[in-house]
Every structure is written in structure tokens, then in C-alpha cells.
Amino acid sequence: MLKLIRNKNRFSFLLTVGTCLAVLLGCKFFSQTNMFEGTAAKDAADAFRKKLGGPVKALNLEIDHDSATLKAQDPKNPQNVDEYKYVKGLVMGPTPVKLNLLYPAPRSQRKREDTSP
């Protein structure tokens, strides 16, 4: 009988803690975020810098009302450009970017043609 009461108390405790955690996480992930207010844009820049591990060579940065998307040179492989997305405090990515005329290779990676006669 005593063991049954202990198990019931343990279950109630775990259920209470789990519910509190779910509410806290729910508030963080379902709250409205405006990238144009407060320090949201700076927080995104800091998160990108932390994810990439230092200075960022950005090709493009797009800020929407609730997210920021960065296209940047891969610091470990400068010939690649990757996309990172910041939403509600989390950075997702990298996702490879296929370069085209809109996003040409960075100048340092372009081949120079000899134009001498």
C-alpha cells in the first residue's frame, strides 16, 4: 500500500513538472516575435555568428517580421554558400544555396581571366 502511494506521488510530481515545462516552452515558441522591435535583430545576428563560429561573410540578409534568413559563405569551405534561418531564438541550417546570376560566387572565388594580348 505504501509503495502504491509513493508511485502515485512520484507520478503526480512528474506530471506537474512536465506540464510546467510544456507551458514555458509553449510560451517561447508560440509567442509573437517582431524582428523590428527591441534587440531581436541583434539577437539574430549574434545567433548567426555563434552558429557559424566567428565572423560572417554575408552574401544576403533578409529580415521579415518574425524571422531572419542569412546566405553566407561557409567558413570551413569558402567555395560554398549556405542559408541559415533564425526563428524565435533558434538558428536552423545550414542549407546549401545553389549559386546563379542572382547570387554569384563571392569575388574571392571567381576565376580571373588573363586579358593581355
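The values are calculated or read from the model by the stated rules, or taken from the named source; none is laboratory data. Just so we're clear, the structure is a prediction, and the values are computed from it rather than from any experiment. Quick reminder, even Gly has a Cβ in these numbers, built from the backbone with ideal geometry, and neighbours come from all protein chains shown.
Pick from Thr39, Thr33: which is modelled with pLDDT of 90 or more and farther than 19 Å from Pro94 by Cα?
Just a single option satisfies the conditions, and that option is Thr39.
Can you report the number of residues in region 75-104 which are modelled with pLDDT under 90 and in contact with a Pro (Cβ under 7 Å, 6 or more places away or on another chain)?
Number satisfying all stated conditions: 1.
Going by the conditions given, is Leu52 at pLDDT below 90, surrounded by 15 or more Cβ atoms within 10 Å (Cβ to Cβ) and closer than 27 Å to Asn34 by Cβ?
Yes, satisfied.
Among the candidates Lys71, Lys28, single out the residue that is modelled with pLDDT of 90 or more and not in a loop (DSSP other than H, G, I, E, B).
Lys71 is the lone residue from the list that is modelled with pLDDT of 90 or more and not in a loop (DSSP other than H, G, I, E, B).
Could you go through region 4-18 and let me know if any residue there is surrounded by 12 or more Cβ atoms within 10 Å (Cβ to Cβ), modelled with pLDDT under 90 and either within 15 Å of the chain's Cα centre (by Cα) or of a type in the set (D, E, K, R) (or both).
So far as region 4-18 goes, no, none of its residues is surrounded by 12 or more Cβ atoms within 10 Å (Cβ to Cβ), modelled with pLDDT under 90 and either within 15 Å of the chain's Cα centre (by Cα) or of a type in the set (D, E, K, R) (or both).
Can you list residue pairs whose Cβ atoms sit under 9 Å apart, with the first residue in region 87-101 being on the phi > 0 side of the Ramachandran plot and the second being exposed (fewer than 11 other Cβ atoms within 10 Å of the Cβ)? Count only pairs 6 or more apart in sequence or on different chains.
Note: pairs meeting the criteria are Lys88/Phe30; Lys88/Ser31.
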